[in-house]
């Protein structure tokens, strides 16, 4: 069903288009995210979307930026809750894997790379970088930056790979479909234990001063 409104401000128009693109991505895959399809969804013309995004590649880049910001904001809040002991590490893993799989981020990334639109992924990488910087800055000790970066790399790459061929690969090896998530969870738990141990050691050292 198309979303039709008589008047939209430029910002509203862009937001409506990006949201429509996100729904098309989830429903039909990245190849369905075209200016024509998005314009039909929001009751606008192809020319109107060209004015806002410049090209289909521009629309895809805006969609990638939206996904990157939305995903990292949600995961950032969940990490804060995990550090307070309010949620389990597996939730962080599931949220990341789901964003790349059911959320369409993995398919969009592959489509962009295959179509030569690699630059469109920059907003996603930059959003993840900002999240990592925040997590490092709020870590229990300042020495855990490498641990956080390592686990972010591991988690994103595992989630991306799993979204592309996790099912067939697990089946061919006789492993459960959830195996990649279990591996990521073990690594994340180990990182949390290292963070807690480092914090305890730092506290003990400070107490002796």
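The values are calculated or read from the model by the stated rules, or taken from the named source; none is laboratory data. Please read these numbers as outputs of a predicted model, since none were measured by experiment. Neighbour counts are summed over all protein chains in view; Cβ atoms, including those assigned to glycine, are modelled from backbone coordinates with ideal geometry.
Couple of notes before you dig in:
- Residue in the range 184-199 that is modelled with pLDDT of 90 or more, within 19 Å of the chain's Cα centre (by Cα) and either within 26 Å of residue 73 (Cβ to Cβ) or in a helix (DSSP H, G or I) (or both) present: yes
- Check on residue 127, modelled with pLDDT of 85 or more, in contact with a helix residue (DSSP H, G or I) (Cβ under 6 Å, 6 or more places away or on another chain), surrounded by 18 or more Cβ atoms within 10 Å (Cβ to Cβ) and over 17 Å from residue 163 (Cβ atoms): yes
- Considering the conditions (1) in a helix (DSSP H, G or I); (2) exposed (fewer than 15 other Cβ atoms within 10 Å of the Cβ); (3) free of Cβ contacts under 8 Å to residues at least 40 places away in the same chain; (4) more than 14 Å from the chain's Cα centre (by Cα), residue 15 is excluded by exactly one of them, (2).
- Residues that are more than 19 Å from residue 157 (Cβ to Cβ) and assigned to a helix (DSSP H, G or I) within the range 79-93 comprise 80, 81, 82, 83, 91, listed in sequence order.
- Residue count, the range 131-157 (criterion: free of Cβ contacts under 8 Å to residues at least 40 places away in the same chain, surrounded by 15 or more Cβ atoms within 10 Å (Cβ to Cβ) and closer than 30 Å to residue 29 by Cβ): 3
- One residue from 47, 102, 114, 73 being within 30 Å of residue 197 (Cα to Cα) and either assigned by TED's automatic domain parsing to the domain that holds residue 24 or surrounded by fewer than 14 Cβ atoms within 10 Å (Cβ to Cβ) (or both): 73
- Here residue 27 meets the list (1) surrounded by fewer than 18 Cβ atoms within 10 Å (Cβ to Cβ); (2) assigned to a helix (DSSP H, G or I); (3) in contact with a helix residue (DSSP H, G or I) (Cβ under 9 Å, 6 or more places away or on another chain) almost entirely, failing just condition (3).
- Complete set of residues in the range 187-209 that are closer than 17 Å to residue 152 by Cβ and touching a helix residue (DSSP H, G or I) at 6+ places or on another chain (Cβ under 8 Å): 187, 188, 189, 191, 192, 194, 195
- With respect to being within 16 Å of the chain's Cα centre (by Cα) and either crowded, with 18+ Cβ neighbours inside 10 Å or farther than 26 Å from residue 70 by Cβ (or both), residue 160 fits the description.
- Qualifying residue in the range 167-176 (condition: outside any helix (DSSP H, G or I), on the phi > 0 side of the Ramachandran plot, surrounded by fewer than 19 Cβ atoms within 10 Å (Cβ to Cβ) and at pLDDT 90 or above): yes
- Residue check, residue 181 at pLDDT 95 or above and assigned to a helix (DSSP H, G or I): yes
- Only listed residue being part of a helix (DSSP H, G or I), more than 30 Å from residue 202 (Cβ to Cβ) and free of Cβ contacts under 8 Å to residues at least 24 places away in the same chain, chosen from 50, 67, 121: 50
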